[in-house]
1. Looking at the square roots a ≥ b ≥ c of the eigenvalues of the Cα gyration tensor of the range 109-150, which shape do they give, rounded for a/c under 1.5, prolate if a/b is larger than b/c, or oblate?
2. Farthest toward the dipole's positive end in the chain, which of Leu157, Ala192, Asn76, given Cβ charges of +1 (Lys, Arg) and -1 (Asp, Glu) about the Cα centre?
3. Which Cys in the chain stand alone, with every other cysteine's Cβ at 4.7 Å or more from theirs?
4. Counting only heavy atoms of the protein chains, get the accessible area per residue of the chain (1.4 Å probe) and round it to a whole Å² value.
5. Given Cβ point charges of +1 (Lys, Arg) and -1 (Asp, Glu) and nothing else, what value in debye, to the nearest 20, does the dipole of the range 23-101 about its Cα centre take?
6. Rounded, prolate or oblate: which fits the chain when a ≥ b ≥ c are the square roots of the eigenvalues of the alpha-carbon gyration tensor, with rounded for a/c under 1.5 and prolate only if a/b beats b/c?
7. What is the sum of charges, Lys and Arg at +1 and Asp and Glu at -1, for the other residues whose Cβ falls under 13 Å from the Cβ of Arg160?
8. What does the charge count around Gln147 come to, taking other residues whose C-beta lies under 15 Å from its C-beta (Lys +1, Arg +1, Asp -1, Glu -1)?
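The values are calculated or read from the model by the stated rules, or taken from the named source; none is laboratory data. Computed from a predicted structure; not experimentally measured. Positions of Cβ are generated from backbone atoms using ideal geometry, with glycine treated the same way; all protein chains shown enter the neighbour counts. To get the accessible areas, we keep the full protein, side chains included, count just its heavy atoms, and leave off ligands, DNA and RNA. Shrake-Rupley method; radii C 1.70, N 1.55, O 1.52, S 1.80 Å.
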Amino acid sequence: MTPEPSLARGARAAPGIALRDLSLEAIDALLSSDAHYQATPTRNYGPHDPVRDAPRFILPCGCGGGPATLVFDFPNVEQLARQGGGPPGEPRRRHFVACEACGHRGRSTAQDWYAVIEWNRELCSAAVPYESFPFFNLAGLDVATAQDRVKAIRHDLELRKAQARLRSEAGIETGRRYRERIEAYLGWTMAAASLLKAHARAQRAMATEA
């Protein structure tokens, strides 16, 4: 029998080892290692709840004509075709963000907070200030430093997600609320990464024109 990959204290996962291939013991060791502690900038992501507060942070539609709001309804044919989420007329209500002015609809999802994240990722541009991003305390950082911060936070969250999954499979209760918050924070790291990528691209364009 091939032994499960394991990690000594202070070690990092080898580049070729996926998180899904690690045992719970290995992930516990990695999360408690000095190396991981030093590489993780924070677990204080700010005062906002990533699930309950998500509707507060919906970006305005690019049309500029009106507010965008969270909706729980049937996705239309265009939404389903765009995201490959099922045949037209799929009889399931889902969450999505819609613009009241132009009618544009974002990706439909099972969770309302994820619908907000998907909408915001679609609308990320350098016109949206990353310094006021509601999570991860990015104010005062330059783009490259903010990108490194978000990447390190995401890695920590991915490890904690894997740990929670393995604990649940082992019959160790982790709590539905905890797991959902980890998932939501991971989603917000993706939104932050998209926004920072837009700012980095804009900075490179400005440097080229100078």
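1. prolate
2. Checking the options against the dipole of the chain, the answer is Asn76.
3. Lacking a cysteine Cβ partner under 4.7 Å: Cys124.
4. Result: 56 Å² per residue.
5. 280
6. Taking the square roots of the gyration eigenvalues as a ≥ b ≥ c, the chain is oblate.
7. That sum, taken over residues with Cβ under 13 Å, equals +2.
8. +3
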